Amino acid sequence: MIKLADLTEDPLNQLPINAMKEQFSLGFVRMVAAAAGCSVKDHATDYDGVDITVASSAQYDRFYAPQFELQVKCTNRPDLVREAHVNWSMEAGPFQKLTNPTRYLPAYLGVLVIPVGAGPWLEQDETQLLSRSRMYWQAANQLGTLADGAGSITVRLPRQNTFDVPQLKSIMELLGNGGDW
């Protein structure tokens with residue numbers, strides 16, 4: 001079985017840890033989206049407060065091919081995971097972009113929680129690919145509001161909101177049937 005640690009022992013041949021976390025979180029979303037029958041559209045920048053767009057190709061009651069924008073974050077801090085939610089601190093500017101009520105597409109925040117250290121993120125052999133991580137999500141319009149003059153906000157993502165195939169299909173069904181706005 002190959003472990004990520006086996007590939008990262010030589011610091012000259014790896015990305016910085018934050019770049020690794022960014023790529024791992026985007027890869028996680030891509031795997032879940034593909035398994036749910038959805039696609040992922042890349043953004044050249046995240047100036048608008050989002051990293052990617054997740055799209056369905058299905059026809060729902062009201063809309064064909066619903067999609068939403070997703071800001072993806074990654075952490076290996078287990079202290080952020082509480083009994084009922086995951087805390088995530090956001091600076092005022094990115095928070096305001098993500099939660100802007102005039103946004104054309106609905107937006108979501110996804111936070112991937114990975115184990116401490118690079119080794120246990122991923123295991124692979126001929127029969128399986130195992131990720132020891134989980135992503136939690138929340139609709140941007142449910143993240144709360146920034147207090148006047150505040151430079152940041154800590155948002156809560158419910159632990160029941162796991163970014164997995166059934167929940168992604170539910171998000172698409174909700175959007176496709178005209179909900180979440």
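The values are calculated or read from the model by the stated rules, or taken from the named source; none is laboratory data. Model, not experiment: these values are computed from the prediction. Virtual Cβ from ideal backbone geometry, glycine too; neighbours counted across all protein chains shown. Protein only, heavy atoms only, side chains kept; ligands, DNA and RNA dropped before computing areas. Shrake-Rupley method; radii C 1.70, N 1.55, O 1.52, S 1.80 Å.
Observations, loosely collected:
- Of the residues contained in the stretch 174-181, none is found to be open to solvent by less than 40 Å² (accessible area, probe 1.4 Å) and within 20 Å of residue 87 (Cβ to Cβ).
- Strands (runs of 3 or more DSSP E) completely within the stretch 7-76 that count 1 or more residues being touching a strand residue (DSSP E or B) at 6+ places or on another chain (Cβ under 8 Å) and open to solvent by 40 Å² or more (accessible area, probe 1.4 Å): 38-42, 67-75
- Residue 84 small (Gly, Ala, Ser), open to solvent by less than 30 Å² (accessible area, probe 1.4 Å) and on the phi < 0 side of the Ramachandran plot: no
- Output for the stretch 142-170, where each listed residue is open to solvent by less than 90 Å² (accessible area, probe 1.4 Å) and not in a loop (DSSP other than H, G, I, E, B): 152, 153, 154, 155, 157, 158, 162, 165, 166, 167, 168, 170
- Against the list (1) free of Cβ contacts under 8 Å to residues at least 60 places away in the same chain; (2) closer than 20 Å to residue 51 by Cβ, the condition residue 166 fails is (2).
- Conditions (1) modelled with pLDDT of 95 or more; (2) open to solvent by less than 90 Å² (accessible area, probe 1.4 Å); (3) among the charged types (D, E, K, R); number of the one not met by residue 91: (2)
- Restricting the search to strands (runs of 3 or more DSSP E) fully inside the stretch 91-137 and requiring at least 1 residues that are closer than 13 Å to residue 49 by Cα gives 107-113.
- Residue in the stretch 107-127 that is out of contact with any Ser or Thr (no Cβ under 8 Å at 6 or more places or on another chain), open to solvent by 30 Å² or more (accessible area, probe 1.4 Å) and aromatic (Phe, Trp, Tyr) present: no
- Number of the condition not met by residue 124 [criteria: (1) over 18 Å from residue 22 (Cα atoms); (2) at pLDDT 95 or above]: (2)
- Some residue of the stretch 83-90 being part of a loop (DSSP other than H, G, I, E, B), among the acidic types (Asp, Glu) and out of contact with any strand residue (DSSP E or B) (no Cβ under 8 Å at 6 or more places or on another chain): yes
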